[in-house]
Amino acid sequence: MKILVIGGGGREHAIAWRLAREGHQVFGAPGNPGIAQEGRILETTDYLAVAESVGADLAVVGPEGPLVVGVADQFRARKIPIVGPTRDMAQLEASKIHCKEFMQRLGIPTARFVRAETANAATDALSNFEYPMVVKADGLAAGKGVVIAQNRAEAEAAIRALGPRLVIEEFLQGEEVSFIVLSDGRNVLALEATQDHKAVADGDQGPNTGGMGAYCDGRILSARETQQVLDTIIAPAVGATNFTGFLYAGLMMTVDGPKVLEFNVRLGDPETQPLMHRLDCDFGDALMRAATGALNGATLRWKPEPSVCVVLAAAGYPGNVRTGDRIEGIDSCGAQVFQAGTRLGENGLETAGGRVLGVTASGTDLASAVASTYAAVSRVHFGGMHYRRDIAQKGLKRWSPATIGSQPSGT
Ligand code: AMP
């Protein structure tokens, strides 16, 4: 198939890489230098014109931005199959207030919350919560619109920084899991669960980012937990909306069961990188089935080997980012490197954004996947490069023989 991948980050490079390996002809818009290695890129955001000019059989949308402004509606109006929700459905991600009220209406488990439209209302709402508590900006913020406030002064500062339209909510404790399904409007196909790392520094310290690394391991959720997520979260959400595309539930696995932190209306970045690395079937076929209402009976196959992606970020990220640093060592590092914030400068590949690269590898077990990934990371370099050194450590700890022996079964 001729498949147009919309977007230009690490997630889209991973999708394009996977589809190219399956023998599909890949087009990327606006693309990036990594995606250009997998197919042909057209540096434009007029996606419909691109699809029509290259005769695309199918399009898949990476980022939320084009979905929120209705790219999937435009494609459907021209009868070009596309994987992605309608503009209306994309509001689930574009507005946290809308998302929380949607969950409340459907009885989908989520953190207790108050919506606020003014700074005064938000400040008044603080007394309903204990610390730590969470302040969230209503609109799209690339993962950076959330503050965990440890005390009243921090909460008030967050209200000033993120307001006035806010969600104030209870802090949930537990393991965070990214659960993504592909839906054709009625039938859903669950991807393997993954775990992201949002904070910029080791030990989940520092400000939140778009995601500093992720891993995919078949043990992240048990079969029972997966079923619980499908029954209590995914089925009501898809049933009420006929959602099509990728529905991403950011979960907290609490002692009271899985609760939703947020819904996204597309694949996660960086979760997609380890997911594409582990996938072992025709992803293009699953995408076409989702876009044409034919997912019933479809399955996905995964390699048993866990996979890990470590994001290499530019100087300053997640604040003001320096660009133009020369990137070295990608081709000989020994892992798959998905490109995100890169561009071709006069002296070759250089940094062009906050999250620059996603170094991704698999291994016979999680420990060896981690070791291979970090060995590759040590061979890549650019000025100001920084990354977390503890990606997947939570999983390694959870499944170490000592920890497993000390936990009750079924957790
Ligand atoms: P969100 O954009 O809503 O997923 O929030 C970004 C990150 O903030 C999440 O991935 C969590 O790490 C953290 N977070 C958000 N809401 C909560 C909550 N209610 N309790 C604990 N952590 C949260």
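Any read-out appearing in this document is the output of simple, stated calculations on the displayed coordinates, not a laboratory observation. What you are looking at is a predicted structure, and each value in this text was computed from that prediction instead of being measured. Note: ideal-geometry Cβ built from the backbone for every residue, glycine included; neighbour counts use all protein chains shown.
Just a few scattered comments:
- Sorting VAL311, VAL255 from the fewest to the most surrounding beta carbons within 10 angstrom yields VAL255, VAL311.
- Take every DSSP beta bridge whose two residues both sit in the chain; close to 80 percent of them are antiparallel.
- Vicinal HN-Hα couplings computed from phi for the range 107-116 (Karplus, 6.51 cos²θ - 1.76 cosθ + 1.60; Hz; Gly/Pro x): x, 7, x, 7, 5, 4, 8, 10, 9, 9
- Within straight-line reach of LYS96, meaning a Cα separation under 28 Å, sit the following lysines at least 8 residues removed in sequence or on another chain: LYS136, LYS144, LYS198, LYS259, LYS394.
- PHE171/SER53 FRET efficiency (R0 56 Å; Cβ-Cβ; nearest 0.05): 0.70
- Whole-number D in µm² s⁻¹ for the range 332-392, Kirkwood Cα-pair radius fed into Stokes-Einstein, 37 °C, 0.692 mPa s: 264
- Built amide H within the under 5 Å cut-off of LEU357, gap 5+: LEU312, ALA340, GLY341
- Helix-only arithmetic for the chain: the sum of -39500 (n - 2.57) across DSSP H runs with n ≥ 4, divided by the residue total, places the mean residue ellipticity at 222 nm at -8500 deg cm²/dmol.
- Taking every Cα-Cα distance in the chain and sorting them into 10 Å bins starting at zero, the pair-distance distribution P(r) comes out as 5, 23, 33, 28, 11, 1 percent.
- Whole-Hz couplings from phi, Karplus 6.51/-1.76/1.60, listed for the range 62-70; x for Gly and Pro: x, x, 6, x, x, 5, 5, 9, x
- Label positions at HIS381 and ASP88, each projected 7 Å from the Cα along the C-beta direction, are separated by 5.6 nm.
- Karplus-based coupling profile of the range 123-133, in residue order and whole Hz: 5, 4, 5, 4, 5, 7, 10, 8, 9, x, 9, with θ = phi - 60° in 6.51 cos²θ - 1.76 cosθ + 1.60 and x standing for Gly or Pro.
- Farthest toward the positive end of the dipole of the range 277-411, out of MET385, LEU366, TRP399, is the Cα of TRP399, where the dipole comes from beta carbon charges about the Cα centre.
- Whichever lysines have a C-alpha closer than 16 Å to that of LYS2, once near sequence neighbours (fewer than 8 apart) are set aside: LYS79
- Here the label points at ARG219 and ALA235, each 7 Å from Cα along the C-beta direction, are separated by 2.9 nm in the simple model.
- For the options THR110, THR254, THR86, a Gaussian network treatment of the chain with springs between C-alpha atoms closer than 10 Å singles out THR254 as fluctuating the most.
- With one equal scatterer per alpha carbon and no solvent term, the Debye-computed log10 I(q)/I(0) for the range 1-108 at 0.18 1/Å reads -0.81.
- Near LEU162, once Lys and Arg are set to +1 and Asp and Glu to -1 for all other residues with Cβ below 10 Å from its Cβ, the sum equals +3.
- Residues whose placed amide H lies under 5 Å from that of GLN336, excluding near-sequence neighbours: THR360
- Amide H contacts of GLY383: ARG326, each under 5 Å away and 5 or more positions distant or on a separate chain (H built 1.01 Å from N in the peptide plane; Pro and chain starts excluded).
- Two-decimal log10 I(q)/I(0) for the range 165-270, as the Debye equation yields it once each C-alpha is a single scatterer, q = 0.12, 0.17, 0.19, 0.22 Å⁻¹: -0.41, -0.83, -1.03, -1.31
- Ranking of SER372, SER183, SER307 by neighbouring Cβ atoms within 10 Å, starting from the fewest: SER372, SER183, SER307.
- Segment ARG322-HIS98, length gained on full extension (0.36 nm per residue, minus Cα span): 77.2 nm
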